[in-house]
């Protein structure tokens, strides 16, 4: 990887192969972006699935009655997803409905979404797993959003897991959590992170040879 | 399934084969029972186990010393379980003891219980899994209930996961959570839910063919 | 096992083979130590891993800037771990960084540590699993401790999971949770616990033969 | 008070003079409405202020950017308040802005509102107290709703303090908390509650004469 | 105060005059009783009221239906209160009812109770204040305990505010919180605490003269 | 107030006279500093006290044994307070001790401190009120920090109420909460805030004359 700017397809491929959320956050730390990891309440449906893609943001809120056209904005949002995107759903920390489920997963998957990050509860978990569509969420509830949750906006800044996410930010989620890379620093972050992985490989190798942490840290300055 | 009333054995068999907690809650929504899913803190010991059965309610509370006959009511409750029942244990949201464990699971299992829903902590998790007895709970703690928890009543209304459960209510629990069907609407709920599953199959199929959510929703009105 | 005092290697072997956290806590209850199980927020990275060993305590706290020598005490603590020890990390309930990760796991592992109990968040989860080093923690976060967490002391009393742990206390952690055996009662606790396991085997066997809980409890007095 | 239906002005006057939230909830209990008291997180700005009036519901949600016309619905909602109403503001449990403040209090007060019940944070507390406009809320935060909170609906069912409130329900709030009387049972509740107060007066009087609780309870059946 | 053992009346008088919860806790720290202050969620109804007296313990739990004789044990407990006692009510951390109210306050007051410490919610707050009966609690809710809370035991060990309280322990509660002095160390604690107050008076005096903390601490060793 | 830079004494005087936390936060919003108000858990000891001054930061953490010189850094920190400063105490969200009390208040007061902002619990509340030293805190606990809390650093960046505070930042705390003005924007913030107060006065006045919110907002653009 030289200084050229990578297209998203190549970028995602490289990131899945070589990177993990920890080294991405460390790299953003170096660049002065120290608050880019979502709250630990967001967990993957399956531990071995990594999500990388551009944020397609959706803002839902709790409501207490059935609206006339409850799904209008939700349908618009889903149908406008583009390949390479990741649905990032903010719910005002809702715990009263399963805002995301199998049908939305299927719809998103067919539009090319690479996964969903839901700061809220989901349902139809088994079928989502069967579909092979990776989702992170804060828990599960079998009740429908109809009359309980409503999409009020999309393609706007949202807060998910305590982090403000803008449309087009790059989301990288693995077993350790969800990192959000602001769109303006994606190339720089990925380039540096790949270099950083090398240094950690040395540290790991020498520790596995039995060296003391002190020696290895003095040599590589990585912990 | 025509209009006839089904016996519990046939009912449970049908429900395990054809239904899931989401479609059951959607159906109860239609019938005006909108608050029948337990809190998301209740999670299954194993994701692939479904529980369906009639609620055998047990009410336990935290205590702070060893009573003279600490297990009298607990033993009575367990020994009076009948085949097809599910132990539903309310603990006043206890987090100071593992109120349910291997021996209670074994005793319940031998009486014909189909599982246990514990709004509290459990222990002996590995052996319960070996026994093949499905349990939902809010977490784990290795300490005994002796001098910490006490069964004070059973076969009475209890609250578990924020839902009032009456003896004989039907409990359906899967990976998405725990739904409680009041005894009076069980037949109606199951009949409608089975029909509803059909409609969702159409929606799913057409989404998987690549149709937009908008088209499919306009056609089937299901999301 | 007669009255002789067992060395740690033989003790750990016996405990892993014959005991589990529940029977250990029950035994400590009998000895009057009723508050020795950590909070249920501490969960194992892998359900089938048991940790047993002597507590190597480490105290970390949240900080809000990068110190001059941020890792000095942390490195000292890790490099001084001895075979048979378990790192017990207190963090003042931190949720702002992954205080423990792959490199610390590797370093601890190479010094002979039998696992780590972290009352805080960790990162590099996949690699820790690959390494085969068992860890209990309260969750996951991909961000580094640099400028966020600092080791301020070690080999001192700490609180982890709500339990005060002294250096040299014996830690036993399995799928049900984490038990802490004060160093002065280790031999007595293990001896009694092994006897207790026998009695529970009888209870289980007779329940599995279909006897009522009442009969079995009257016979063995164990529940 | 005979069987005649009272107008709101006379009703509110009677209620403030003779009733308190406890006796109102007890009366609703008798009528089978057992879940009509808001969560205890809602507290009065001043302990000695009672609010009684018809619910004017407002639904606000957290947002993360400044909308084009952020105050349109909020202004409409406030300007349409009628005398005898109480603003009931639901915020999806927001804690990121002071959704209610002095200017809204002044506007509501001038339209004839009798107070505000805010399930969220407020600001300009000192000036609201000076104005003499009674407010209940869950806490305080000096930041504006601009770019943080948005009114998305009003005159619709909302949830405040865990209770669904419909426009026109009667709200009664005093130092013990906030009771919501569904509009259909207001007359019946008030009539019965006034009678009930009489019986409690007897109980209190005899207890103050030194009688045992047992005697007094046997005589009046009130506790 | 010489080495003689004081009667409770004289003891309470002395304590109210000379002591406060802080110096009592410091003294218990010196005696090795370091966990004797209740959780900070317990707050006084009025900041300027101090409670001192012997614990009359009451254990209540949440229930979900109306029992046949719901008040039997509650009435027994209240009617058996003796002068100099303080009701200490444990509720399993209930937040669903106002377990304590005006009538119980009046009954307790007439039996000679010096106050109540309720680890739960109360109601009838204004009238309790008028009555002049001091109460500490975790909050307020206007709903009755009938069908929601039940006294299941009294004069037994209970946990309130995270502290196990035995009947006859001495409770001292002021604006800073609630301290529990085990009955066996009451005389020793009070004797030492009164001496300790003297030393603090010197420290305060010299600080008010403008001396540095360093000088004063070196001289008196109190902070 | 012209463009001249004001000295701190004059600045504080102006701010106490003319400003309040709400208008300060609104002004910082305009300047792009949108996250400068502490968490609502921090509340004033007395509602009518305002604190304004320069942050003197102190970092304390929970510990679990008595250190050799537990008060060394704490004494240094207190004795180095300068007139016009406000102690800002971070405790890693401690709830196990009263880290701040009367003696520290007295010492700080005599050095010229204008108050204390404690993100933790305090004790000796009554005497602090008598002393007239304003304190904000998250609650109260009568136990000493000795063996429970330790000052580990001071004059360093800390986090209090969720906000990172640097030494020298300006703290403004009133009944609505605690605002932190970064040192570099103090003059600009104060200048603009004073102008903003004028505009709000117009809005208030016209609302009090009975105008609709719509009219007034269209005229002044303030809400």
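Among the residues that make up segment F:1-9, is at least one of them more than 13 Å from the chain's Cα centre (by Cα) and within 30 Å of residue F:125 (Cα to Cα)? Checked against the condition, which is being more than 13 Å from the chain's Cα centre (by Cα) and within 30 Å of residue F:125 (Cα to Cα), segment F:1-9 yields at least one hit.
Among helices (runs of 4 or more DSSP H) entirely within segment B:114-223, having at least 3 residues that are assigned by TED's automatic domain parsing to the domain that holds residue B:18, touching a residue at least 12 places away in the same chain (Cβ under 8 Å) and more than 21 Å from the chain's Cα centre (by Cα) singles out B:186-208, B:213-220. For residue A:195, indicate whether it is modelled with pLDDT under 95, more than 14 Å from chain C (Cβ to nearest Cβ) and surrounded by fewer than 24 Cβ atoms within 10 Å (Cβ to Cβ). It is true that residue A:195 is modelled with pLDDT under 95, more than 14 Å from chain C (Cβ to nearest Cβ) and surrounded by fewer than 24 Cβ atoms within 10 Å (Cβ to Cβ).
Test residue D:89 against the criterion of being more than 8 Å from every other protein chain (Cβ to nearest Cβ), over 20 Å from the mean Cα position of the chain (by Cα) and under 30 Å from residue A:160 (Cβ atoms), and give yes or no. No: the conditions fail for residue D:89. How many of the residues making up segment A:175-192 are under 28 Å from residue A:118 (Cβ atoms) and more than 10 Å from every other protein chain (Cβ to nearest Cβ)? Residues that pass the stated criteria total 10.
Residues that are outside the structural domain of residue F:144 (by TED's automatic domain parsing) number at least 2 in the following helices (runs of 4 or more DSSP H) confined to segment F:1-98: F:8-18, F:21-30.
Let me spell it out: the conditions are (1) over 15 Å from residue E:88 (Cβ atoms); (2) within 9 Å of another protein chain (Cβ to nearest Cβ); (3) buried (at least 22 other Cβ atoms within 10 Å of the Cβ), and residue E:149 meets all of them except one. Which number is the exception? Exception for residue E:149: condition (2). Does segment F:174-192 contain at least one residue that is under 25 Å from residue D:69 (Cβ atoms), surrounded by fewer than 20 Cβ atoms within 10 Å (Cβ to Cβ) and touching a helix residue (DSSP H, G or I) at 6+ places or on another chain (Cβ under 8 Å)? The answer is yes; a qualifying residue exists. Any residue at all in segment E:200-212 that is within 27 Å of residue E:5 (Cα to Cα), surrounded by 18 or more Cβ atoms within 10 Å (Cβ to Cβ) and either within 11 Å of another protein chain (Cβ to nearest Cβ) or modelled with pLDDT of 95 or more (or both)? Looking through segment E:200-212, at least one residue is within 27 Å of residue E:5 (Cα to Cα), surrounded by 18 or more Cβ atoms within 10 Å (Cβ to Cβ) and either within 11 Å of another protein chain (Cβ to nearest Cβ) or modelled with pLDDT of 95 or more (or both).
Exactly one residue out of B:84, B:32, B:115 is out of contact with any helix residue (DSSP H, G or I) (no Cβ under 8 Å at 6 or more places or on another chain), farther than 25 Å from residue A:137 by Cβ and more than 9 Å from every other protein chain (Cβ to nearest Cβ), and it is B:32. Inspect segment D:49-57 for any residue being over 13 Å from the mean Cα position of the chain (by Cα) and either more than 25 Å from residue D:132 (Cα to Cα) or more than 9 Å from every other protein chain (Cβ to nearest Cβ) (or both) and give the result as yes or no. No: segment D:49-57 contains no residue that is over 13 Å from the mean Cα position of the chain (by Cα) and either more than 25 Å from residue D:132 (Cα to Cα) or more than 9 Å from every other protein chain (Cβ to nearest Cβ) (or both). Do we have residue F:59 as at negative phi and touching a helix residue (DSSP H, G or I) at 6+ places or on another chain (Cβ under 7 Å) here? No: the conditions fail for residue F:59.
Residue-wise test of (1) away from chain F (no Cβ under 14 Å); (2) surrounded by 15 or more Cβ atoms within 10 Å (Cβ to Cβ).
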{"position": "E:15", "(1), (2)": "no, yes"}
{"position": "E:28", "(1), (2)": "no, yes"}
{"position": "E:42", "(1), (2)": "no, yes"}
{"position": "E:63", "(1), (2)": "yes, yes"}
{"position": "E:71", "(1), (2)": "yes, yes"}
{"position": "E:75", "(1), (2)": "yes, yes"}
{"position": "E:80", "(1), (2)": "yes, no"}
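If you go through segment F:118-145 and keep only what is crowded, with 23+ Cβ neighbours inside 10 Å and out of contact with any helix residue (DSSP H, G or I) (no Cβ under 7 Å at 6 or more places or on another chain), you end up with F:118, F:119, F:120, F:121, F:122, F:125, F:134, F:136, F:137, F:141, F:145.
The values are calculated or read from the model by the stated rules, or taken from the named source; none is laboratory data. Please read all numbers here as calculations on a predicted model, not as lab measurements. We place every Cβ from the backbone using ideal geometry, glycine too, and count neighbours over all the protein chains shown.
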